[in-house]
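For reference, the structure is listed below as structure tokens.
The values are calculated or read from the model by the stated rules, or taken from the named source; none is laboratory data. Computed from a predicted structure; not experimentally measured. Heads up, the Cβs are rebuilt from the backbone with ideal geometry, glycines too, and the neighbour counts pull from every protein chain shown. Just the protein is used for accessible areas: all its heavy atoms, side chains included, with ligands, DNA and RNA removed. Shrake-Rupley method; radii C 1.70, N 1.55, O 1.52, S 1.80 Å.
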Amino acid sequence: MAARYGREVTTLGQAFAEFRAKRSPRILAAGLLAILALRIVMGDWSWRDPVAAAVMIPIYVFGEWAIHVHLLHLPPFEFRGRRVELLTARSHRMHHEDPHNLNMILLGPWEAVALLVLAVPVAVAVPALVVGLVIGTVPLAVVVTAVMTAYALILIYEWTHFIIHTAHKPHSRYYKSIHRGHRLHHFKNERYWHGITNTISDRVLGTAPDQAEIPRSRTARTLHGEQPFPPAGRPV
């Protein structure tokens, strides 16, 4: 029987078994394998491929922060006289309300698909066009390498976020730092510590303060002071 709460998962093996049973990791893994196969078939490897992969890392690091802050934490807004809350923000609010529920952590299947077919291609195409205008056309194979790198980073994000919410205790210094930061985000103050896979973006953008100087937020679990949703898991 699948575990529902993080406290039920204490080892890496248990965590991986639970993780791979979810739909979004399978969608992301399938996308990564498909584009890896495409890149192998295309061939024509060059020094540009590791450069493209390296360039995607800072784009991802700060993109992760921006999405968390400006999309997932987007409060409801008025549009043509109607109150609107984006589905991504609503799902994330449900996650904050029940952070130990393993069915509330990962991307929904449609969110995973949207990242693969829309968000990542756009995020890669924009810098590729800029580089093309400045120094010349970027080979298609190199663009595919950049997309492949982004797919891998998103899958790492999903795994990292999932395991942080289990009872598996961190051992490495790096994992301890991201584990601590994300726990503070959920249980101390939701306005800080937005990085999931890294602490670089928070340090650079000023959202990694000394936690002793930050007051405990009354809306860390509900976000924006909204009423909690009833306890019902979203599909994963």
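Would the stretch 77-84 turn up any residue that is in contact (Cβ under 8 Å) with a residue 40 or more places away in the chain and either exposed (fewer than 13 other Cβ atoms within 10 Å of the Cβ) or within 30 Å of His186 (Cα to Cα) (or both)? No - not one qualifying residue is present in the stretch 77-84. Picking from residues in the stretch 33-50 that are outside any helix (DSSP H, G or I) and open to solvent by 50 Å² or more (accessible area, probe 1.4 Å), the one that is nearest to Gly136 (Cα to Cα) is Trp47. Counting the residues of the stretch 158-174 that are assigned to a helix (DSSP H, G or I) and either surrounded by fewer than 20 Cβ atoms within 10 Å (Cβ to Cβ) or modelled with pLDDT under 95 (or both) gives 5.
Considering Leu129, Leu140, Leu205, Leu133, the condition of being within 18 Å of the chain's Cα centre (by Cα) and open to solvent by 20 Å² or more (accessible area, probe 1.4 Å) is satisfied by Leu205 alone.
Residue-level check: of (1) of a type in the set (D, E, K, R); (2) farther than 24 Å from Ile178 by Cβ; (3) open to solvent by less than 50 Å² (accessible area, probe 1.4 Å), Arg90 misses just (3). Quick check: anything in the stretch 96-114 part of a helix (DSSP H, G or I), of a type in the set (Val, Ile, Thr) and surrounded by 14 or more Cβ atoms within 10 Å (Cβ to Cβ)? Yes: one or more hits. Here are some conditions: (1) open to solvent by 30 Å² or more (accessible area, probe 1.4 Å); (2) part of a helix (DSSP H, G or I). Glu64 meets all but one. Which one does it not meet? Looking at each condition in turn, Glu64 falls short on (1).
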